[in-house]
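Take a look at the structure below.
Read-outs: derived from the displayed coordinates by stated rules, not from any lab. It should be emphasised that the depicted structure is a prediction, and the values quoted were computed from it without experimental measurement. Note that we place each Cβ from the backbone using ideal geometry, even for glycine, and neighbour counts take in every protein chain shown.
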Amino acid sequence: MTLDKFISPSIMVPKIYEYAEYIKLFDRYNLSVIHFDVMDGHFVPNIMLGSSVFDDLKVMTNIPLDIHLMVTQPENYIPIFNVTKGDWISFHPETTNHPYRLLQTIKELGCRAGLVISPGTPISYVEESIDQLDYITLMTVNPGFAGQTLVPNTFNKIRRIRKLLDSYETEIDLVVDGNTTPENSINMAKSGANGFVVGSASNILKSPSTFGKFYEEYMANFK
Ligand code: DX5
Ligand code: ZN
C-alpha cells in the first residue's frame with residue numbers, strides 16, 4: 001500500500017502580509033493541511049505563532065491546520081486553540097508525562113493525533129502508541145528554527161519508522177519536517193515518507209507568484 005504524497009506548507013515562514021495571498025493559493029491547489037508551529041521559548045529556544053494567528057487563519061480557510069506543539073506540557077496548550085474537527089495536533093512525547101493519554105484527548109476532540117520524533121528521540125514511542133496514531137512527524141532538523149540543514153542519519157531513521165509502520169499494516173502518515181528541499185524530498189519519499197512540511201528550504205514558499213509552478217514541479221518529482 002502506498003499512501004498519497006502531500007505537502008504541508010509551514011505558515012511561520014511567509015510574512016504576515018503574504019498570508020492572504022498564500023491562503024488563496026493553498027485553497028486553489030486543494031492542499032490537505034497547513035503546518036502551524038507553536039514554540040514556547042522553553043522546550044525550544046524560539047517563540048512562534050499563538051492563538052490569535054490561529055483564529056485569523058481559521059477565518060481565512062477551511063483547510064485543516066496541523067498544530068505542531070514544540071512546548072513543554074502540551075496538554076496545557078491545546079485548550080488555547082479553537083480547533084475544529086479535522087484539525088491535526090502533534091506533540092513531542094518527551095514533553096509530557098502521559099503521551100498516550102494526550103493522544104486519546106486529541107482524538108476525543110475530533111482531531112488527527114500525531115507524535116513528533118526529534119533527531120534524539122527513540123522511535124519506540126511510536127510503537128507504544130500505535131493504535132492511537134494518525135500520523136508521525138519526523139524532525140529531520142533539530143526543532144525550533146527554519147533554515148537548518150538535515151541531521152545525519154535522516155534517511156535511515158525514515159526507513160526504520162516506515163518499516164515499523166509497515167509491520168503493523170497501518171495507514172499512519174509519515175511526515176517529515178525540516179530542510180525538505182526538492183532534492184531531499186525525493187530521497188525522503190524513497191525512504192518511506194509521504195508527507196512533507198515545506199518551509200524556507202523549499203522553492204514552493206519563495207513567492208506567491210511562483211507557488212503554482214514550484215508546487216507542481218515538487219509533486220511531479222514523486223511520480
Ligand atoms: C522547524 C519547524 C519547521 C520549519 C522547517 O522547527 O518545525 O516547520 O518551518 O522549514 P525549513 O527547514 O524548510 O526552513
Ligand atoms: Zn514544525
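Quick one: is Phe196 more than 15 Å from ligand 1 (Cβ to nearest atom) and in contact with a Ser or Thr (Cβ under 6 Å, 6 or more places away or on another chain)? Explain how you work it out, then say what you get.
On the way: more than 15 Å from ligand 1 (Cβ to nearest atom): no; in contact with a Ser or Thr (Cβ under 6 Å, 6 or more places away or on another chain): yes.
Answer is no for this residue.
For the range 2-42, give me each residue that is buried (at least 18 other Cβ atoms within 10 Å of the Cβ), touching a residue at least 60 places away in the same chain (Cβ under 8 Å) and among the aromatic types (Phe, Trp, Tyr). Selection gives Tyr22 alone. Restricting Val126, Val141, Val151 to residues that are surrounded by 19 or more Cβ atoms within 10 Å (Cβ to Cβ), within 16 Å of ligand 1 (Cβ to nearest atom), among the β-branched types (Val, Ile, Thr) and in contact (Cβ under 8 Å) with a residue 12 or more places away in the chain narrows the list to Val141. Within the range 98-114, the presence of at least one residue that is of a type in the set (Asp, Glu) and out of contact with any His (no Cβ under 9 Å at 6 or more places or on another chain) is confirmed.
Only one residue in Ser207, Ser185 is over 18 Å from Glu127 (Cβ atoms), within 16 Å of ligand 2 (Cβ to nearest atom) and out of contact with any Lys or Arg (no Cβ under 7 Å at 6 or more places or on another chain). Which one? Break it down stepwise before answering.
Working: Ser207 fails: within 16 Å of ligand 2 (Cβ to nearest atom).
When all the criteria are applied, what remains is Ser185.
Scanning the range 81-89 for residues that are more than 24 Å from Gly192 (Cα to Cα), away from ligand 2 (no atom under 16 Å from the Cβ) and surrounded by 15 or more Cβ atoms within 10 Å (Cβ to Cβ) turns up at least one hit.
Val44 fulfils the conditions (1) assigned to a strand (DSSP E or B); (2) within 12 Å of ligand 2 (Cβ to nearest atom) except for a single criterion, (1).
Only residues that are buried (at least 19 other Cβ atoms within 10 Å of the Cβ) and part of a loop (DSSP other than H, G, I, E, B) were counted across the range 194-223, and they come to 4. Taken over the range 76-111, the criterion of being within 18 Å of the chain's Cα centre (by Cα), of a type outside the set (Val, Ile, Thr) and either farther than 29 Å from Phe26 by Cα or not in a loop (DSSP other than H, G, I, E, B) (or both) is satisfied by Trp88, Ser90, Phe91, Pro93, Glu94, Pro99, Leu102, Leu103, Lys107.
Considering the range 175-193 alone, what residues qualify as being outside any loop (DSSP other than H, G, I, E, B) and either buried (at least 22 other Cβ atoms within 10 Å of the Cβ) or on the phi > 0 side of the Ramachandran plot (or both)? Break it down stepwise before answering.
Here is the first cut: in the range 175-193, the residues outside any loop (DSSP other than H, G, I, E, B) are 175-177, 182-191.
Result: Val175, Val176, Asp177, Ser185, Met188.
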